[in-house]
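The values are calculated or read from the model by the stated rules, or taken from the named source; none is laboratory data. A quick note: this is a predicted structure, and the numbers were derived from the prediction, not measured. Neighbour counts run over all protein chains shown; Cβ positions are idealised from the backbone, glycine included. Areas reflect the complete protein model, heavy atoms only, side chains present, ligands, DNA and RNA absent. Shrake-Rupley method; radii C 1.70, N 1.55, O 1.52, S 1.80 Å.
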Amino acid sequence: MEKAHDVLIRNLGEHTALADEDMAEIRALTFMLRDFASNEDFIRQGDEPEHSALVVSGMVARYHLLGSGRRQYLAFHLTGDLPDAQGLFIDQMDHGLSALGPASVAFIPHRELFIAFRRRPTFGLAVWRETLRDAAIFREAITNNSARPMQTRMAHLFCELFYRARAAQLVHGNRCRMPISLAQLGETLGMAIATVNRTLADLRRSGAMDLREGELVVLKWRELQRLGDFSPAYLHLKRQSPRG
């Protein structure tokens, strides 16, 4: 497994030019690594945050817990992401985070991060950009769930996750791990399980993609991008689009 500080440096380097001094500051931080089982929470609504989380391996989900006990999934986070960087600036978490499949997460003390930001403002700006990218993903998700047809909605989500996985060097050939259940897809996209099954079957018949046993396979990127009305500009990443 790649070391936590290398994961963070690589991720921040996707959108911010880090100097050697910035990277040295990151390497000096304390990273407390923990492994989580599938669907295990590691941040809950109402927690008072003292650490920021870094996804070192696997995939995690951000969600709202409704009064009924149901979850509304808000976003998914891949290796290298800082899924709760907002916790640096709020007193109480207004959402939860859980592992999707086995995941390793490193926790960085807030007090160390604030000291590092004062010493290396570029590092602080890079983490701030992470929160802005999260906000852009949230805005896109609102548009996706409220304004796009079902098939377009699902294709767009697959495009986003595949594009981000490619930028994080998590795509092998045309495949990437995506341990999202059909029920979780429904709780993400606002679909009943029957609609999820029907929409996924339609996308499979298009020949653009497949999703089986926790793995997304993109067979025709341009077709999936067309079906999902997907433009990656909102992700603010430097990687070029996948081919095909």
>> Just to confirm, what accessible area per residue do you get for the chain at 1.4 Å probe, in whole Å²?
In response: 47 Å²
> Direction-averaged shadow area of the convex hull around the Cα atoms of the range 97-147, nm²?
Replying inline: 5.0 nm²
> Which distance in nm do the two modelled labels at residue 27 and residue 94 give, with both placed 7 Å along the Cα-to-Cβ direction?
Replying inline: 3.9 nm
> Taking 0.36 nm per residue of separation and subtracting the Cα-Cα distance, what length does fully extending residue 119 through residue 50 add?
Replying inline: 22.9 nm
>> I'd like the FRET efficiency for residue 10 and residue 182, computed as 1/(1 + (r/R0)^6) with the beta carbon distance as r and R0 of 51 Å, rounded to 0.05.
In response: 0.95
> Per 5 Å bin, what is the whole-percent P(r) computed from every C-alpha pair distance within the chain?
Replying inline: 1, 6, 14, 18, 20, 17, 12, 7, 4, 1, 0
>> Apply the Karplus curve 6.51 cos²θ - 1.76 cosθ + 1.60, θ = phi - 60°, to the phi angles in the range 152-169 and return the couplings in whole Hz, x for Gly and Pro.
In response: 4, 4, 5, 4, 4, 4, 5, 4, 4, 5, 5, 4, 5, 5, 5, 4, 8, 6
> Where does the charge balance sit around residue 7 when Lys and Arg score +1, Asp and Glu -1, over other residues with C-beta under 14 Å from its C-beta?
Replying inline: -2
> By the scheme Lys and Arg +1, Asp and Glu -1, what is the net charge of all other residues having a beta-carbon under 12 Å from that of residue 227?
Replying inline: +4
>> Given Cβ point charges of +1 (Lys, Arg) and -1 (Asp, Glu) and nothing else, what value in debye, to the nearest 20, does the dipole of the range 55-178 about its Cα centre take?
In response: 280 debye
> Of all accessible surface on the chain at a 1.4 Å probe, what whole percent is carbon and sulfur?
Replying inline: 51 percent
> Which of 72, 45, 184 moves the most in a Gaussian network model of the chain with Cα springs under 10 Å?
Replying inline: 45
> Given springs between every Cα pair under 10 Å in a Gaussian network model of the chain, which of 33, 100, 82 has the largest fluctuation?
Replying inline: 33
> With a sphere of radius 13 Å drawn around the Cβ of residue 196, what net charge do the other residues whose Cβ falls strictly inside it have (Lys, Arg +1; Asp, Glu -1)?
Replying inline: +1
>> Of 74, 218, 233, which is farthest towards the positive pole of the chain's charge dipole, taken about the Cα centre with +1 and -1 on the beta-carbons of Lys, Arg and Asp, Glu respectively?
In response: 218
>> Under 5 Å between amide hydrogens, which residues at least 5 positions from residue 74 or on another chain qualify, with H placed 1.01 Å from N in the peptide plane?
In response: 62, 63, 64
> When all C-alpha to C-alpha distances in the range 1-61 are sorted into bins of 5 Å, what percent of pairs does each bin hold, rounded to whole numbers?
Replying inline: 3, 14, 24, 22, 18, 13, 5, 1
> For all pairs of alpha-carbon atoms in the range 110-244, what percent lies in each bin of width 10 Å, listed from the first bin to the last filled one?
Replying inline: 11, 38, 31, 13, 6, 0
>> Give me, ordered by chain and number, the residues 5 or more places off residue 80 or on other chains with an amide H under 5 Å from its own placed amide H.
In response: 55, 56
> Roughly how many debye, to the nearest 20, is the charge dipole of the chain about its Cα centre, given +1 on each Lys and Arg Cβ, -1 on each Asp and Glu Cβ, and no other charges?
Replying inline: 1000 debye
>> Give me the percent relative contact order of the chain, please, defined on Cα pairs under 8 angstrom at least 6 residues apart.
In response: 21 percent
> How much length, in nm to one decimal, is gained on full extension between residue 147 and residue 169, taken as 0.36 nm per residue of separation minus their Cα-Cα distance?
Replying inline: 4.8 nm
> How big, on average over all directions, is the shadow cast by the Cα convex hull of the range 148-187, in nm²?
Replying inline: 3.1 nm²
> How big is the range 31-112 by the Kirkwood estimate over distinct Cα pairs, in Å?
Replying inline: 12.6 Å
> Where is the GNM fluctuation largest for the chain (alpha-carbon springs, 10 angstrom cutoff): 54, 88, 66?
Replying inline: 66
